[in-house]
There are 4 protein chains.
Amino acid sequence: MSLKQGTLDLDSHNSRLEQAIESKLFRHFITGLIIVNAVVLGVLTYEDALSTQLVRSLSWFDRAVTIIFAVEIFLKLIVYRFRFFAEGWNWFDFVVVGISLAPGSEAFSVLRAMRVLRVLRLLHVVPMLRRITEALLKSLPGMGAILAVLALLTYVGAVMATNMFGDTDNPEVLELFGDLPKSAYSLFQVMTMDGWRFEVVQKVVDDGHPYAPIFFLIFIFIASFAVLNLFIALIVDALAESQRAQTEHHLEEIDHEIDEAFEEADKERSEILTRLALLQEDIAAIKNAQDKKPTDQN
Amino acid sequence: MSLKQGTLDLDSHNSRLEQAIESKLFRHFITGLIIVNAVVLGVLTYEDALSTQLVRSLSWFDRAVTIIFAVEIFLKLIVYRFRFFAEGWNWFDFVVVGISLAPGSEAFSVLRAMRVLRVLRLLHVVPMLRRITEALLKSLPGMGAILAVLALLTYVGAVMATNMFGDTDNPEVLELFGDLPKSAYSLFQVMTMDGWRFEVVQKVVDDGHPYAPIFFLIFIFIASFAVLNLFIALIVDALAESQRAQTEHHLEEIDHEIDEAFEEADKERSEILTRLALLQEDIAAIKNAQDKKPTDQN
Amino acid sequence: MSLKQGTLDLDSHNSRLEQAIESKLFRHFITGLIIVNAVVLGVLTYEDALSTQLVRSLSWFDRAVTIIFAVEIFLKLIVYRFRFFAEGWNWFDFVVVGISLAPGSEAFSVLRAMRVLRVLRLLHVVPMLRRITEALLKSLPGMGAILAVLALLTYVGAVMATNMFGDTDNPEVLELFGDLPKSAYSLFQVMTMDGWRFEVVQKVVDDGHPYAPIFFLIFIFIASFAVLNLFIALIVDALAESQRAQTEHHLEEIDHEIDEAFEEADKERSEILTRLALLQEDIAAIKNAQDKKPTDQN
Amino acid sequence: MSLKQGTLDLDSHNSRLEQAIESKLFRHFITGLIIVNAVVLGVLTYEDALSTQLVRSLSWFDRAVTIIFAVEIFLKLIVYRFRFFAEGWNWFDFVVVGISLAPGSEAFSVLRAMRVLRVLRLLHVVPMLRRITEALLKSLPGMGAILAVLALLTYVGAVMATNMFGDTDNPEVLELFGDLPKSAYSLFQVMTMDGWRFEVVQKVVDDGHPYAPIFFLIFIFIASFAVLNLFIALIVDALAESQRAQTEHHLEEIDHEIDEAFEEADKERSEILTRLALLQEDIAAIKNAQDKKPTDQN
């Protein structure tokens, strides 16, 4: 929207192109294309069960869609130029379509698998989903700090666990705490409370660390305590924010009410004062006349 | 309730029928019947341990209850006609009783098992439960959008996982990520954090994907991050809504207060102005008289 | 506290007894006794490792504590009579101490194990814990309705699961869904998401129900959806309640402010009106005198 | 900050030292040192894969960092003296650096592993993390009471479980409920809902306690019910607190508004009254003159 308003100075060719790109019809076309593409990529996972003919057709369709998306981005680049990169979602589209166009993307299974990330474009093309994703993105900064604390706790815990439990010949414990990434991974498993006792802690205990549960219980308490509380803090913050806005609005309305009423009262009081001044003049005149009369009569 | 008010124009026969259907007695009768039916369906799960005689009796009772419920719905259809379908709960009853009446329902174990869904009628027949269920239904739209985002993430993840891990001969991994529904199911398991490490991720790692944990950790973070945050967003929304209503009410009350007080003040100021006007007249008269007197005396 | 105030009409003997029972010293004595008793009952779990002499002493001590608690309750019954049963916590003490005094409590291990429930008296004897427990009890009604809905869903699900999966010779599946309580128990396990896939659903699938996951996924979604949402509803309700009180207080304060200011203004306007009336009288007098003078002069 | 303000009375030597310690540069230096130290301690977990030379260098670096931190604390002790211990974070630094300096810290793997706790200094040295950690610490008192209730419930449950299930020869059950700490640990596992059914409850059932699930279900309901509700209570409290502050501020603003407006009105009414008084005087004078005139004329 904000991009649109700045384009009045562009030549009419661009302006017509922009109208086309931003039209409802074009967006519906792209949305439909993404959905059909999602289905095609789903069907292509059954590659082995399909006829070679069909697989080839679907692959061609997929490549065609990629090219259409690339053209869409190219057109947007023409219309918006550098402002294109001012919006995060455009970066997202750029990267996601770029992956599919990468030369090796047919050779490497990971790059080929990432083609389907294009389907996530639905998250910002469909208005209902966009509203939700943007609510998510707004809470990213708060979540970031929480994740930083959790990452620090996990790192410190992983160094300790590797030092304490990693110096062993037991392959099961080596698998769990043999090096730093393994320890961090195992501590993450403990944090998710999935099989923490018999899949992780018990193996360490059996390896000659009878007091290991104390370490893991402290870690569970601190990590889950941290998450639980930071979660609360986040809610409280979000609510306080939304309330601040409401309270402000409320305040302004009452303010306006009072201002208006007092203005009215002010006007009337001015009227009273004006009339009193007039009265005073009149009375002063009467008094004056009265004072003079006796002298006149004398 | 709203249905009732529109029936005054119906013939008295219908009106009396409606009174009967909406009576407390009838509702208590239906509630009791559902509860007894629930117990009977529970007892019938012990079919093998019961005498054939008892099973036959209970089955007859169950069929009788089904017919009573069908008659209840039929009567409501007569009374309310098309308006019957205006209320969601009536659809629910219609479908749930219809399943029991379906011809094959004795033959197919699934259809027979679904007879017990009738017991869920308690959710809207008992007022205490109805209050709760309707609170649930009110939050359905918000939950729907959240589920849509989660479904999209799961679909994209499932296509990627099938492409990356499904091309193998290992039967355990094939069971987990062999095709699209299996991958989605396994990703759902990972999302619930139940046995995610050793039942899912480790099997993929052992199948020659040492970097698979990165994929699953990203999926866990995004999915649980999404759920956690959308959950917060839902609470915040619900609270903001309930507060908006309260603030509005509050505002109206203060408004009223101020209005009343200012009205009173207005009246009194008008009184003051009126009296001042009278005074001015009087004083003008005095002044006039004074001004004339000298000329009179002249 | 409320009990105390009604005792002024009792004889002084009772009143002195009440003072003793309600004294800080007595409460500290009981608190200390509960804690020591808790430790003793903990030590007694090491029965086999202790000397017979020590076990006998600790058991005697435990019986002595039980009798002291019984006497405490007896004294309260004398002081408060029927009002004793007006407070829920007294019922709690009565039942918990009664269990220890039950004749068979030495014979049956369950009854003997329940002696330790006496330690839960700390939950209402220690003020800090009492505050928390009473907050818990206040939310019981809301939780009750939520649990009723969950219980109904579980019952209906259990009847369906028993009908669909229980008719088998597979001992593993019979253990899970062989009868109604087992099915309810297994569904509860699924609801807690502990080992739901490979410990429960997979066994049913392997027993010839390839579509069983659909049933369990629907159950997980409805049950966890219900819990999640009702949880939200509970928070929103609690907050709305606490806010309503605050808003009311806020409103009253502003109300008071405005009332006071307007009262002051009212008083001053009355003063103005009074003075205007006096002025009017004076001016009327002047006018009167002026009107009469000409006739006087005539 | 609060420490700084009280140092003006100290000699200039101390004051300059304080300036250095509290300078942004010094804090950035310490932050950088902690991060590098964290990386070094991480690299040192790969001890076996590194050259002896590198390990020795890194160990020397680590010891150097410890000494720098010790000097930092020593300088703070010189500057702030006893006020040093007024801030909790200083205690934290003192203990965490002290552990690394402890004589046996090279010999005992646990003490050596705890060296990495120094890295947690980041939690209060980096402002972004400090904000979060202090939010966490603020909720500690509330969490404390909740944990006390949970600990009491677990203790009572553990005594009961040990009494009921611990008297057996089955090694698996002895491992779970053989003594008090094991029972508490197993109940904690049940509370985290990790493998509660087949890893814990089923083993007890198979050991001849068919009704054991009743005990565990009651425990799960009470423990999770307690946590869930206390969690709600905590949120509600936090919100009520943040709102109370907002409402107060809001109230004060409206108060100020009204005060100002009424003050203005007051001033004008005083003006009106003053003028009325003058008028009255004037009129009284006129009346007086009028009253005297007739006597003058007589």
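The values are calculated or read from the model by the stated rules, or taken from the named source; none is laboratory data. Treat the numbers as computed from the prediction; the structure is a model and nothing was measured. Methodologically, a virtual Cβ is constructed for each residue, glycine included, from the backbone with ideal geometry; neighbour enumeration extends over all protein chains shown. Heads up: the accessible areas ignore ligands, DNA and RNA and are worked out on the full protein's heavy atoms, side chains in. Shrake-Rupley method; radii C 1.70, N 1.55, O 1.52, S 1.80 Å.
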Filter result for the condition that a residue is hydrophobic (A, V, I, L, M, F, W, C) and modelled with pLDDT of 90 or more, over A:Leu50, A:Leu41, A:Leu8 | A:Leu41
Only residues that are among the hydrophobic types (A, V, I, L, M, F, W, C) and open to solvent by less than 80 Å² (accessible area, probe 1.4 Å): list them for the range D:47-62, please.
-> D:Leu50, D:Leu54, D:Val55, D:Leu58, D:Phe61
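Scan the range C:71-84 and tell me whether some residue there is closer than 23 Å to C:Val40 by Cα and either in a loop (DSSP other than H, G, I, E, B) or more than 30 Å from the chain's Cα centre (by Cα) (or both).
No: the range C:71-84 contains no residue that is closer than 23 Å to C:Val40 by Cα and either in a loop (DSSP other than H, G, I, E, B) or more than 30 Å from the chain's Cα centre (by Cα) (or both).
Residues in the range D:224-237: is at least one at pLDDT 75 or above, in a helix (DSSP H, G or I) and either within 30 Å of C:Leu117 (Cβ to Cβ) or open to solvent by 50 Å² or more (accessible area, probe 1.4 Å) (or both)?
Residues of the range D:224-237 at pLDDT 75 or above: D:224.
After this cut, where a residue has to be in a helix (DSSP H, G or I) as well, the list is D:224.
Now narrow it down to the ones that are either within 30 Å of C:Leu117 (Cβ to Cβ) or open to solvent by 50 Å² or more (accessible area, probe 1.4 Å) (or both): D:224.
Among the residues of the range D:224-237, at least one is at pLDDT 75 or above, in a helix (DSSP H, G or I) and either within 30 Å of C:Leu117 (Cβ to Cβ) or open to solvent by 50 Å² or more (accessible area, probe 1.4 Å) (or both), which makes the answer yes.
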Among the numbered conditions (1) under 20 Å from C:Leu153 (Cα atoms); (2) modelled with pLDDT of 90 or more; (3) crowded, with 17+ Cβ neighbours inside 10 Å, tell me where B:Ile35 comes up short.
-> (3)
For the range B:63-78, does any single residue satisfy the condition of being touching a residue at least 60 places away in the same chain (Cβ under 8 Å) and open to solvent by less than 50 Å² (accessible area, probe 1.4 Å)?
-> no
Out of the residues in the range C:184-208 that are touching a Phe, Trp or Tyr at 6+ places or on another chain (Cβ under 6 Å) and more than 13 Å from chain D (Cβ to nearest Cβ), state the one that is surrounded by the most Cβ atoms within 10 Å (Cβ to Cβ).
-> C:Val204
How many residues of the range D:107-166 are open to solvent by less than 10 Å² (accessible area, probe 1.4 Å), under 26 Å from D:Val39 (Cα atoms) and either within 14 Å of chain C (Cβ to nearest Cβ) or without any contact (Cβ under 8 Å) to a residue 12 or more places away in the chain (or both)? The answer is 1
Run B:Val95 past the list (1) more than 13 Å from chain C (Cβ to nearest Cβ); (2) more than 25 Å from C:Leu150 (Cβ to Cβ) and report the number of the one that doesn't hold.
-> (2)
